[in-house]
Amino acid sequence: MPRLPSEAQARIVRQINLTLEGPVADVMAQLVPELKKLPRRGVLQCVLDDPDLLDRCFKAFRANTERFRQLLVDEHDVPVEQADALLACGRSLDDVVSMVVRTCAKRHFRKRLDGDTRPLKGGAERSAAPKGLMGKLMRLLSLSATEKAPKRSRGEVLYDAMQEHLIHDWQVALVPEYSTLSPALVKRLGKRILDYKVPEDIRRLKENPAELPVPSTLPENIPAFLVPPAARAEATKPADKPKPAAISGGDVPAQVHEVKAGGAAAPAASGDRRARIADILTPDGKRLRSAAFTMVLLDPAVRAELPNADQTVRITGLLAEVGGLSTKMLVGELGLRMDQLAVMTLIIYDLMGEEMFKRSFGIPGNLEYVAKFVERAKAAGITQETALGEISAFTRKTFANAPRAAQ
């Protein structure tokens, strides 16, 4: 982003703030009900002070961009389709996102590390000196030979180290974890800090800074559907020596994946791809941890089978209604993968309704009822090798006449 004279920059920032606190907040309040409880004139400040709330707002925006289309226009009032195209305010959507992410991070760092939530005060607020060369000379001559720059606070030092890498909306969820890192570690990582995309990875990074842990979201661990086509094509190029096929941007060990004649990646005969209970349940084991399914629910194959697939934020939250005991039965008895589990439970929720679903598959749930469903699924041949379309068809047929609570 090219630097502008301070007055022009301040004008742009004011316009962005007014838009965010005005029309954007009006639309967002329809998607994130918590905003309706906030003071109308202070809603933006409240959201910027709360990384969790801001993260929900970003997710709501990404899931409902069409609701904001009339606000995403250029200076000629023409809708903007690309995130890097200039908006009417003179900045792109990417620029605005990074500005919001940085402001949230700066506030959180100062609050957590310095116990200070007041706006930063600096030279810009002092009486203005003449502009141009004369102004520079006056500022230089006014400095005492022994005068030192004011000491930076811990929060400011950490923010300075991270600032250029705070650019993505998904980083808002990591801000509380970022605040636990040392500026030295952040500088050492540089742009590699963007490889660490989940809170668990940041915590592992803090615990073992001497030997940087491998991020769980490196290319070899990212689902193939999230990898750009060019990367997939590069990964599947024939090598000089025979070796296992590469998917998701990295080489996959032979014992994990094989490749069928048709070219589609398939699990090795001895591989068990069932969901790992420790990864998908909350720490207390009482319910599904919906955040664990974020990438799964972005898979087009999964979305094709889900009811209301366009409501990403809502359906992700619904998974938290699935009880831990029910989950253990479904995964333990049927060996379900994460994508199968998501499709099955969300379709059941849609067909049974909230109240009946909670009684049957929630906390603690009706385990006898779940056991009967598991037996029926086994009889129908449902396993971790069953296609998502077959999982969907079986579940819809089984619960087509499921009782719903009286409305």
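The values are calculated or read from the model by the stated rules, or taken from the named source; none is laboratory data. If you're wondering where the values come from, they're calculated on a predicted model, not measured in any experiment. Methodologically, a virtual Cβ is constructed for each residue, glycine included, from the backbone with ideal geometry; neighbour enumeration extends over all protein chains shown. For accessibility, only protein heavy atoms count, side chains too; no ligands or nucleic acids. Shrake-Rupley method; radii C 1.70, N 1.55, O 1.52, S 1.80 Å.
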**OP:** Would you mind telling me the share, in percent, of accessible area of the stretch 319-407 contributed by carbon and sulfur at probe 1.4 angstrom?
**Re:** 52
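Based on the Cα atoms of the stretch 1-74, what semi-axes does the equivalent ellipsoid have, where each is the square root of 5 times one gyration tensor eigenvalue, given in whole Å with the largest first?
Value: 23, 15, 12 Å, ordered largest first.
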Original post:
Heavy-atom accessible area of I16 with all protein chains present, probe 1.4 Å, nearest 10 Å²?
Top reply: 10
Original post:
Given a cut-off of under 8 Å on Cα pairs at least six residues apart, what relative contact order in percent is computed for the stretch 296-407?
Top reply: 34
**OP:** Just grab the label-to-label distance for D26 and Q163, each label 7 Å out from Cα along the Cβ direction, in nm (one decimal).
**Re:** 3.5
Original post:
Considering only protein heavy atoms, what per residue accessible area in square angstrom results for the stretch 1-87 with a 1.4 angstrom probe?
Top reply: 66
Original post:
How much accessible surface area, in Å² rounded to 10, belongs to the heavy atoms of R188 with a 1.4 Å probe?
Top reply: 120
Original post:
With each label point set 7 Å from Cα along the Cα-Cβ vector, what nm distance links T65 and A88?
Top reply: 2.0
Subject >> the stretch 152-217 - accessible surface per residue (Å², probe 1.4 Å) >> reply: 49
Subject >> Apportionment of accessible area to carbon and sulfur, the stretch 164-215, percent (1.4 Å) >> reply: 54
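Which of rounded, prolate or oblate describes the stretch 283-407 when judged by the alpha-carbon gyration tensor and an a/c cut-off of 1.5?
rounded
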Subject >> Under 12 Å from the Cα of K378 - aspartates and glutamates, other chains or at least 8 residues apart >> reply: E333
**OP:** Express the relative contact order of the stretch 310-368 as a whole percentage, based on alpha carbon pairs under 8 Å and six or more residues apart in sequence.
**Re:** 48
Original post:
Between E34 and L194, what length in nm is gained on full extension when 0.36 nm per residue of separation is reduced by their alpha carbon distance?
Top reply: 54.6 nm
Original post:
Got the relative contact order for the stretch 60-120 handy, in percent, Cα pairs under 8 Å and 6 or more residues apart?
Top reply: 16
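Based on the Cβ-Cβ distance from N366 to L185, what FRET efficiency comes out when R0 is 35 Å, to the nearest 0.05?
0.10
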**OP:** Calculate, in nm to one decimal, what R376 and A320 gain on full extension: separation in residues at 0.36 nm each, minus their alpha carbon distance.
**Re:** 17.7 nm
**OP:** Go through 71-82, 192-203 and give me the packing order, highest mean Cβ count within 10 Å leading.
**Re:** 192-203, 71-82
**OP:** Could you calculate the FRET efficiency of L18 with D49 from 1/(1 + (r/R0)^6), where r is the beta carbon distance between them and R0 is 22 Å, rounded to 0.05?
**Re:** 0.75
